[in-house]
1. Check Arg36 against each of (1) in contact (Cβ under 8 Å) with a residue 24 or more places away in the chain; (2) buried (at least 16 other Cβ atoms within 10 Å of the Cβ); (3) under 18 Å from Ile134 (Cβ atoms) and name the one condition it does not meet.
2. For region 39-56, which residues satisfy the criterion of being without any contact (Cβ under 8 Å) to a residue 24 or more places away in the chain and under 15 Å from the mean Cα position of the chain (by Cα)?
3. Please verify whether Glu106 is at negative phi, open to solvent by 40 Å² or more (accessible area, probe 1.4 Å), more than 14 Å from the chain's Cα centre (by Cα) and more than 15 Å from the ligand (Cβ to nearest atom), treating the condition exactly as stated.
4. Looking only at region 43-95, which residues are under 19 Å from Met132 (Cα atoms) and in a helix (DSSP H, G or I)?
5. Counting only residues that are more than 9 Å from the ligand (Cβ to nearest atom), assigned to a helix (DSSP H, G or I) and of a type outside the set (A, V, I, L, M), how many does region 1-39 have?
6. Restricting to region 59-75, name every residue that is surrounded by fewer than 23 Cβ atoms within 10 Å (Cβ to Cβ) and within 16 Å of the ligand (Cβ to nearest atom).
7. It is to be established whether one or more residues within region 97-106 are in contact (Cβ under 8 Å) with a residue 24 or more places away in the chain and basic (Lys, Arg).
8. Please specify each residue of region 117-147 satisfying the condition of being of a type in the set (A, V, I, L, M, F, W, C), away from the ligand (no atom under 16 Å from the Cβ), in contact (Cβ under 8 Å) with a residue 12 or more places away in the chain and open to solvent by 20 Å² or more (accessible area, probe 1.4 Å).
Amino acid sequence: MKPLYVLNGPNLNRLGKREPHIYGTTTLAEVEAICRRQAGDRPLVFRQTNSEEALIDLVHEAIDEAAGILINPAAFTFTSLALLDALKMFEGPVVEFHISNIHKREPIYHRSYVSMRADAVLAGLGSQGYAMGITALIELIEKRQQV
Ligand code: CA2
């Protein structure tokens, strides 16, 4: 079985340690545990990077390896055409995930390049919402396998 890839962008390694009123108190290690629990028997690759280049390299790795991608691109959501281009090369389902509701925030957080490729977008469910992101990704993968 091909793995699910959960990719996290810049600053998310600080999750649970800063701005708890926006991002909560759950750490990234706890988010990984949530994702693994929700994925059940499915293999799962969980990564975080602060580098745009490294994030694109991870998407390239996923192109060759992954059944689907759940990605929280953090600030690269709003800036990176290179990330969008890389995601467009991936043939499986892509779920874009944000802990906070980006649409409730300042206008600079409203235009996501990644949404132009994502099959689904989840925002505002908090860190526990990664579990729903994993469920949605598995459903999208299974739906494609039925056709
Ligand atoms: O809500 C999300 O998940 C975001 O993708 C998080 C990004 C932010 O740029 C997006 O607009 C929404 C990154 C937030 C900064 O990272 C922090 C991590 C831990 C604590 C404070 C900030």
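The values are calculated or read from the model by the stated rules, or taken from the named source; none is laboratory data. Quick caveat, the model's predicted, so the values are computed rather than measured. Virtual Cβ from ideal backbone geometry, glycine too; neighbours counted across all protein chains shown. The protein model used for the area step is the full one, side chains on, heavy atoms only, and it has no ligands, DNA or RNA in it. Shrake-Rupley method; radii C 1.70, N 1.55, O 1.52, S 1.80 Å.
1. Of the numbered conditions (1) in contact (Cβ under 8 Å) with a residue 24 or more places away in the chain; (2) buried (at least 16 other Cβ atoms within 10 Å of the Cβ); (3) under 18 Å from Ile134 (Cβ atoms), the odd one out for Arg36 is (1).
2. The one that is without any contact (Cβ under 8 Å) to a residue 24 or more places away in the chain and under 15 Å from the mean Cα position of the chain (by Cα): Ala54.
3. Values: at negative phi: yes; open to solvent by 40 Å² or more (accessible area, probe 1.4 Å): yes; more than 14 Å from the chain's Cα centre (by Cα): yes; more than 15 Å from the ligand (Cβ to nearest atom): no.
Considered against the rule, which asks whether it is at negative phi, open to solvent by 40 Å² or more (accessible area, probe 1.4 Å), more than 14 Å from the chain's Cα centre (by Cα) and more than 15 Å from the ligand (Cβ to nearest atom), Glu106 comes out as no.
4. Scanning region 43-95 gives a single hit, Ala74.
5. Adding up the residues that qualify gives 7.
6. Those that are surrounded by fewer than 23 Cβ atoms within 10 Å (Cβ to Cβ) and within 16 Å of the ligand (Cβ to nearest atom): Ala74, Ala75.
7. Checked against the condition, which is being in contact (Cβ under 8 Å) with a residue 24 or more places away in the chain and basic (Lys, Arg), region 97-106 yields no hits at all.
8. Across region 117-147, the qualifying residues are Ile138, Leu140.
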